[in-house]
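Since the structure comes first, as structure tokens, the remarks are kept for the end.
The values are calculated or read from the model by the stated rules, or taken from the named source; none is laboratory data. Because the structure is a prediction, the values reported are computed rather than measured. Backbone-built Cβ (ideal geometry, glycine too); neighbour counts: all protein chains shown.
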Amino acid sequence: MTGRFRGSVGLACVLAMLGLAACDQVHQTNDQPRLIAPDAVFTKMIQHSHRLNEADAQAWVSDVLSSLDTVGMVRTNESACAVMAVIEQESGYKVDPAVPGLSKLLANKIKKMEENIAVRLALGMRLDQPMANGKTFREGIALVKTERDMANWYAEFTASKFTGPILSQFGKGVDDVVGTVGSMQVSIDYARRVAAQLGQSSLNMRETLYTRKGGVLFGTAHLFYYPTHYEQMLYRFADYNAGHYASRNAGFQAMVAKLAAKPLAADGDLINHRAEGDPNKSTSQTEAALQQLFAKKMPNISAQTIAQDLALEKSLDFEQSTTYRTVVQLYQQKYGAPIAQQIPKISLKSEKITRNLTTEWYANSVNRRYQQCLATVQKST
């Protein structure tokens, strides 16, 4: 991961996330204080709020704290509460949470696949064959309640020497059906990419994320395993939903839009991406606005430089780029203080989402849980 923490991150980095200092790569020494409530305080909090027995609550707390250690984040009330707030938001402390309407979602996916004639023939025969539990695959759809149920159904369904190869040709592997899983809803692709950096195996990652320890570890990494200069934890919560540095990028887009007098979607994506997430070569709205702006204000900055700089959108290094620093300079000259970050304006779209939700709603919801956690542990110590 570009710009990741190296070694342990000390108290200064935590203060940075609270708006009290600049966060960079800071190493923690053994004699630095760990400003955190006793484990029992966190255990009691989640035990009572989620009706867990004491042993289960202790196990969740233990995994949260050990995950902070693994990603090099100092243990504080703030860092622990941030992870716990995301767990509560995403799953309510359930390793494999039930998803309302998931069986219907699977049925709709099958129906969509059947639009292809070759796939339809293979699926039609396979759906009426028996599963290991004696029910047909068609009957088994109604039994799907959790993401793991869905993944297991699909894995067995595609085990056929005919069905599996046909579906794989159309990109219909299990990862295409269920891509984010576990108690913190982590992307399987992300977990595989970051595993080696955390000293973890990337084999059987789906099963790892279905465990309490694995789900918490990789969720904690997604939340904290990249450096930022954010002033509030709120923006890490927004990034958790929208992607690393999305809040920084949205602030940048807001500055570009104002300088160029051109409406831009402040969604945190500085370049265009394909459906699978990879960048494509088309010119994004942000890139086009920058080209027009610099043509008038900074003609010495080429379109190639702009493109190269925007490719750093998922890195802290973008803030040192010619494009970023020039926009900040122009904005300061005309309007004053730059917009270092803002919550991306994104409407959340997913087959698992049945309401009209946004990244702003998500970030504020997690932040509310975070503040409640802080208030509870501080009151108890």
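Just a few scattered comments:
- Every residue from segment 178-204 that is of a type in the set (S, T, N, Q), surrounded by 20 or more Cβ atoms within 10 Å (Cβ to Cβ) and farther than 26 Å from Ile110 by Cβ: Ser183
- If you check Leu35, Leu65 for being modelled with pLDDT under 95 and either in a helix (DSSP H, G or I) or in contact with a Lys or Arg (Cβ under 9 Å, 6 or more places away or on another chain) (or both), only one passes: Leu35.
- Any hit, segment 218-238, residues being in contact with a helix residue (DSSP H, G or I) (Cβ under 7 Å, 6 or more places away or on another chain) and free of Cβ contacts under 8 Å to residues at least 24 places away in the same chain: no
Quick grid of which residues meet (1) modelled with pLDDT of 90 or more; (2) more than 19 Å from Ala37 (Cβ to Cβ); (3) of a type outside the set (Val, Ile, Thr); (4) in a helix (DSSP H, G or I):
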{"position": "Ala55", "(1), (2), (3), (4)": "yes, yes, yes, yes"}
{"position": "Val83", "(1), (2), (3), (4)": "yes, no, no, yes"}
{"position": "Ile87", "(1), (2), (3), (4)": "yes, no, no, yes"}
{"position": "Lys104", "(1), (2), (3), (4)": "no, yes, yes, yes"}
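- Segments classed as helices (runs of 4 or more DSSP H), wholly inside segment 236-344, with at least 1 members that are in contact with a Pro (Cβ under 7 Å, 6 or more places away or on another chain): 246-260, 322-335
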